[in-house]
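First the structure, in the form of structure tokens, and then the observations on it.
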Amino acid sequence: MATHPHAGARSRTLLPDLWVVLLSVLLLGPVLSPGFVLTYDMVWVPDLALTRDALGVGSALPRAVPSDAVVAVLDEVVPGALLQKVVLLGCLLGAGTGVARLARPSVVVRLVTASVYLWNPFVVERLTMGHWPVLVGYAVAPWVVLALRSWRRDGRLPLRLLWLLPLGSLSASTGVVLAVLAVVLALVLRVRRAAYVVVVVVLANAPWLASGLLHVGVATSDAGGAAQFALHDEGAVPGPLAALTLGGIWNAEVVPDARTGALGWLALVVLVGLAALGVAGLRRHLGGRAAAGLAACAVLGWAVAVLSWAAPGAVGWLAATVPGGGLVRDTTRLLALTAPVLALLVGEGAGRLVQVLPRPARPGAGVVVALLPIALLPGVAWGAGGRLVPTDYPPDHAVAREAVRDAVASRQDGDAVLLPFSSYRQPAWNGDRKVLDPTGRYLGIDVVADDALSVDGVELPGEDPRAARVGRALEEADPRGRAIALREEGVGLVVVERGAGAAPVVTGRVVHHGPELQVLALGPVTPAPPPRGWWAVMAVAWAAYVVVGLGGAVAGLVQTWRRRRARVDA
């Protein structure tokens with residue numbers, strides 16, 4: 001009996017999609033259970049506030065703009081813990097299904113392509129580091145490519161591009177990645193009115209671009225940080241070779257064990273070998289222009305990462321001299337430009353390998369090659385090998401939050417400072433896992449936080465001038481002098497995290513004293529407002545971001561509804 005053609009088409013989409021769901025659940029595992037996953041830079045709280053820093057008008061550089069503001073709005077509708085799981089699962093599902101649709105319509109090719117794009121060190125390490133905005137951009141990237149190919153085919157701007165780019169540009173680094181991808185492909189594909197891409201890219205990145213320009217006077221980084229954040233070797237595998245398979249992150253603490261031994265070399269040989277087999281097939285499938293554009297982006301991402309390995313001094317000079325140059329400090333983030341091409345090439349190479357086998361052997365061989373990426377990177381399933389485990393905030397945090405709100409309501413105005421004055425914590429209630437101090441976000445008020453870092457024993461100064469002044473205030477000789485100096489900096493509340501280490505004593509009225517936190521009120525104080533005009537500039541930037549994103553989404557829904565209505569009427 002002949003197979004219906006639609007059944008074959010459905011299987012080429014349905015089977016890879018089901019495979020993506022399975023891989024995503026296997027990768028996250030306990031992450032999907034109740035509670036908050038707090039790891040390194042991933043800090044989620046029940047109700048994130050729209051603080052000055054979240055809106056881009058605080059004293060700190062806009063590293064969490066617009067991601068914090070987007071979360072602060074969404075968690076008014078969806079509880080923070082649930083929203084975190086929806087975002088992380090959505091990242092993996094979006095990434096896998098998107099890259100599978102970009103691949104050739106063959107079940108084997110799509111299965112392998114999705115496996116490589118999801119089960120790799122880049123995804124696992126960014127999950128462990130808590131760089132969820134990077135993973136959102138990573139998920140959006142294949143869909144941007146699909147949208148641009150549609151633009152080339154149909155001759156008109158796809159409305160989905162209007163919301164895809166703002167969605168994927170939740171941080172400066174991902175905004176840059178998607179901007180490069182969109183602009184390069186639009187030029188190479190010679191889409192009609194390609195200048196529209198530049199306009200959409202600027203609007204999609206307006207919040208962090210505008211805030212960055214407002215902070216241009218302090219938007220440089222310490223040159224010494226370049227070597228610490230550069231592409232690193234993985235065991236005996238040199239950094240440039242590790243980067244070919246999306247490895248080489250600077251933080252050795254998050255590197256999977258399999259990457260530093262013989263499996264690291266084996267993964268390099270197998271994946272690069274399959275990628276070489278897939279070059280001709282990918283060019284036939286995508287067409288010469290699209291393949292060349294994607295290849296150019298892939299080489300650019302890899303080359304910038306390698307530059308930090310080969311010449312960290314040059315990258316350090318850029319970060320210390322050019323405002324915003326610190327965007328390229330963590331250069332391995334740009335391997336998100338390399339990932340789509342690697343996955344597509346390996347998928348094509350695996351498909352070609354399976355095709356030369358006798359027909360009866362092909363299904364079994366297809367399963368084997370689809371499992372290859374998992375076999376080459378074992379030990380990362382179920383929440384990065386059990387490292388990503390949800391937890392609950394201690395009840396004392398909720399009590400302290402109410403005390404802080406009461407203090408603010410009773411005119412104990414001013415921002416808060418967290419003690420000990422350092423960036424990261426390893427609280428026992430979080431399984432002693434390292435995390436960017438979550439207390440300030442939990443309390444829901446403006447906080448002056450230390451943005452200095454310690455990487456491999458090297459102290460890297462921060463960029464926030466107000467944080468530096470607060471740090472000096474805490475060095476005053478006596479508790480009363482510290483309180484006076486803090487008030488001069490607009491600090492009206494001091495939150496001491498008990499058990500987090502030694503903290504300088506500050507004179508103040510105790511408004512909360514619990515097992516985890518102590519809150520001191522220093523008295524009414526008014527922080528210096530942002531410079532005149534900042535609110536107006538950011539209002540325009542946020543309006544542009546919201547209009548292009550929501551406008552594109554609404555217009556796309558209306559267009560889809562009209563098309564379905566037309567088919568029904570026909």
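What residue, among those in segment 138-195 that are under 19 Å from the mean Cα position of the chain (by Cα) and either aromatic (Phe, Trp, Tyr) or not in a helix (DSSP H, G or I) (or both), is nearest to Leu102 (Cα to Cα)?
Top of the filtered list is Trp143.
Kindly establish whether Gly492 is over 27 Å from the mean Cα position of the chain (by Cα), modelled with pLDDT under 95, in the same structural domain as Ala467 (by TED's automatic domain parsing) and within 17 Å of Val470 (Cα to Cα).
yes
How many residues does segment 349-384 contain that are in a helix (DSSP H, G or I) and touching a helix residue (DSSP H, G or I) at 6+ places or on another chain (Cβ under 8 Å)?
21
From (1) surrounded by 20 or more Cβ atoms within 10 Å (Cβ to Cβ); (2) modelled with pLDDT of 95 or more; (3) among the hydrophobic types (A, V, I, L, M, F, W, C), pick out the condition that doesn't hold for Val328.
Among (1) surrounded by 20 or more Cβ atoms within 10 Å (Cβ to Cβ); (2) modelled with pLDDT of 95 or more; (3) among the hydrophobic types (A, V, I, L, M, F, W, C), the lone unmet condition for Val328 is (2).
When you go through (1) free of Cβ contacts under 8 Å to residues at least 12 places away in the same chain; (2) touching a Pro at 6+ places or on another chain (Cβ under 8 Å); (3) not polar (S, T, N, Q) one by one for Gly501, which number turns out not to apply?
All conditions are met except number (1).
Can you confirm whether Ala403 is under 28 Å from Val71 (Cα atoms), surrounded by fewer than 17 Cβ atoms within 10 Å (Cβ to Cβ) and in contact (Cβ under 8 Å) with a residue 60 or more places away in the chain?
Against the criterion (under 28 Å from Val71 (Cα atoms), surrounded by fewer than 17 Cβ atoms within 10 Å (Cβ to Cβ) and in contact (Cβ under 8 Å) with a residue 60 or more places away in the chain), Ala403 does not qualify.
In segment 449-471, what count of residues is obtained for those that are modelled with pLDDT of 90 or more and farther than 19 Å from Gly58 by Cα?
0
Looking at Thr97, Thr113, can you tell me which residue is part of a helix (DSSP H, G or I) and over 19 Å from the mean Cα position of the chain (by Cα)?
One residue alone meets the criteria, Thr113.
May I ask you to list the residues in segment 222-245 that are outside any helix (DSSP H, G or I) and either surrounded by 23 or more Cβ atoms within 10 Å (Cβ to Cβ) or not small (Gly, Ala, Ser) (or both)?
Asp222, Ala230, Leu231, His232, Asp233, Glu234, Val237, Pro238, Thr245 - these are the residues of segment 222-245 that are outside any helix (DSSP H, G or I) and either surrounded by 23 or more Cβ atoms within 10 Å (Cβ to Cβ) or not small (Gly, Ala, Ser) (or both).
Give me the pairs: first residue in segment 149-171 and farther than 19 Å from Gly137 by Cβ, second residue assigned to a helix (DSSP H, G or I) and among the small types (Gly, Ala, Ser), beta-carbon distance under 6 Å, and six or more apart or on different chains, which are they?
Within 6 Å, the pairs are Leu159/Gly552; Leu159/Ala555; Leu159/Gly556.
Could you tell me whether any residue of segment 259-280 is touching a Pro at 6+ places or on another chain (Cβ under 7 Å), buried (at least 20 other Cβ atoms within 10 Å of the Cβ) and of a type outside the set (A, V, I, L, M)?
For segment 259-280, residues touching a Pro at 6+ places or on another chain (Cβ under 7 Å), buried (at least 20 other Cβ atoms within 10 Å of the Cβ) and of a type outside the set (A, V, I, L, M): present.
Of everything in segment 250-294, what is in a loop (DSSP other than H, G, I, E, B) and under 26 Å from the mean Cα position of the chain (by Cα)? Give them in sequence order.
Trp250, Asn251, Val255, Pro256
State all residues of segment 539-570 that are among the hydroxyl-bearing types (Ser, Thr, Tyr) and farther than 15 Å from Trp208 by Cα; if no residue qualifies, say none.
Thr560
Find all pairs meeting these conditions: Cβ atoms under 6 angstrom apart; at least six residues apart or on different chains; first residue within segment 335-353 and under 21 Å from Phe122 (Cα atoms); second residue of a type in the set (S, T, N, Q) and modelled with pLDDT of 95 or more.
As it stands, the answer is Ala343/Thr113; Leu344/Thr113; Gly347/Thr113, since those pairs meet every condition given.
Is it true that Ala566 is part of a helix (DSSP H, G or I) and free of Cβ contacts under 8 Å to residues at least 24 places away in the same chain?
yes
The values are calculated or read from the model by the stated rules, or taken from the named source; none is laboratory data. Quick caveat: nothing in here was measured; it's all calculated off a predicted structure. Positions of Cβ are backbone-derived with ideal geometry, glycine not excepted, and every protein chain shown enters the neighbour counts.
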